[in-house]
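To start, the structure under review is shown below, and the notes come after it.
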Amino acid sequence: MKTLFHLGAMLLILATVSCKDDDGGGAPAEPENSFSFDGKTYQMNYGFIEDWGPANVSMEGEEDTHYNYDFYLTDATVTPSGAQGLTYLLYSELYSSGSGNFQTGTFKWVDHENLTEDDVNNANFFVALLAEDGNGDGDLGDSQDRFHEPTGGTITVSGTDLSAYTITYDLRFSDNRRLQGSYTGEFDYFDERDGERAPTNDWRKLEKKHPLIFK
């Protein structure tokens, strides 16, 4: 199968869905544009999208089958001179069914190392990664940094354009931890449609560029 995954600069989407109590006895609502993970709440301050265009993820033909957007979210404050205050990056690689353009909707997690035709045929799907700064130096790429791969869950994207997308996460991990949250806001856009995709199961895209975030 032709897999085109290039799990890139994960932006810890720190998006959290605000929950309303039915009778006042439930958990308090989480802050807007944040997510919860491992007992902590993370704020999301900045997001960008890489547009990788049409992709063929089928082993049964040569025609493109999906359209690929990569979403990045972080708590860093990003300016032309650099990124300040980064503690995490949440990266999600989304493939919408059909090759014409990216379509919003709900995307299911897939195991990119054991992918089958049934997993992706006419389906919206994703792979994702959460990276945490493990030594407090404000960037990623050190041996002390922590990387978490989900083993299940969904991501939902709604909205009509880059200025008003909402992305909602409900990710599950093998150690029974869960990441939940949402982000609504404007995303910076990077056109990668002439870029070179990484080989199967190669996450070198994570370090491909974005020097503001990665060493």
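Below are the figures for this structure:
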read-out: Unmet criterion (only one of (1) farther than 14 Å from residue 69 by Cα; (2) at pLDDT below 95; (3) surrounded by 19 or more Cβ atoms within 10 Å (Cβ to Cβ)) for residue 204; value: (3)
read-out: Any hit, the stretch 100-122, residues being touching a helix residue (DSSP H, G or I) at 6+ places or on another chain (Cβ under 9 Å) and surrounded by fewer than 16 Cβ atoms within 10 Å (Cβ to Cβ); value: yes
read-out: Yes/no for residue 119 being of a type in the set (Asp, Glu), over 18 Å from the mean Cα position of the chain (by Cα) and part of a loop (DSSP other than H, G, I, E, B); value: no
read-out: The stretch 75-88, residues that are in a loop (DSSP other than H, G, I, E, B) and either polar (S, T, N, Q) or touching a Ser or Thr at 6+ places or on another chain (Cβ under 7 Å) (or both); value: 75, 81, 85, 86, 87
read-out: Residue 134 vs. criteria assigned to a loop (DSSP other than H, G, I, E, B) and touching a strand residue (DSSP E or B) at 6+ places or on another chain (Cβ under 6 Å); value: yes
read-out: Yes/no for residue 53 being more than 28 Å from residue 175 (Cα to Cα) and at pLDDT 70 or above; value: yes
read-out: Output for the stretch 40-60, where each listed residue is assigned to a loop (DSSP other than H, G, I, E, B), touching a Lys or Arg at 6+ places or on another chain (Cβ under 9 Å) and either polar (S, T, N, Q) or surrounded by fewer than 20 Cβ atoms within 10 Å (Cβ to Cβ) (or both); value: 56, 58, 59
read-out: Exclusive hit being more than 28 Å from residue 43 (Cα to Cα) and assigned to a strand (DSSP E or B), set 91, 72, 95, 67; value: 67
read-out: Residue list for the stretch 139-183, filter: surrounded by 14 or more Cβ atoms within 10 Å (Cβ to Cβ), touching a residue at least 60 places away in the same chain (Cβ under 8 Å) and of a type in the set (Gly, Ala, Ser); value: 181, 182
read-out: Qualifying residue in the stretch 69-81 (condition: on the phi > 0 side of the Ramachandran plot, surrounded by fewer than 21 Cβ atoms within 10 Å (Cβ to Cβ) and without any contact (Cβ under 8 Å) to a residue 60 or more places away in the chain); value: no
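Conditions tested, residue by residue: (1) touching an Asp or Glu at 6+ places or on another chain (Cβ under 9 Å); (2) over 17 Å from residue 71 (Cβ atoms); (3) of a type outside the set (Lys, Arg).
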{"site": "128", "(1), (2), (3)": "yes, no, yes"}
{"site": "133", "(1), (2), (3)": "yes, yes, yes"}
{"site": "142", "(1), (2), (3)": "yes, yes, yes"}
{"site": "150", "(1), (2), (3)": "no, no, yes"}
{"site": "173", "(1), (2), (3)": "yes, yes, yes"}
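The values are calculated or read from the model by the stated rules, or taken from the named source; none is laboratory data. In this text, all values refer to a predicted model and were calculated from it rather than measured experimentally. As a convention, Cβ positions derive from the backbone with ideal geometry for all residues, glycine included, and neighbour counts pool all protein chains shown.
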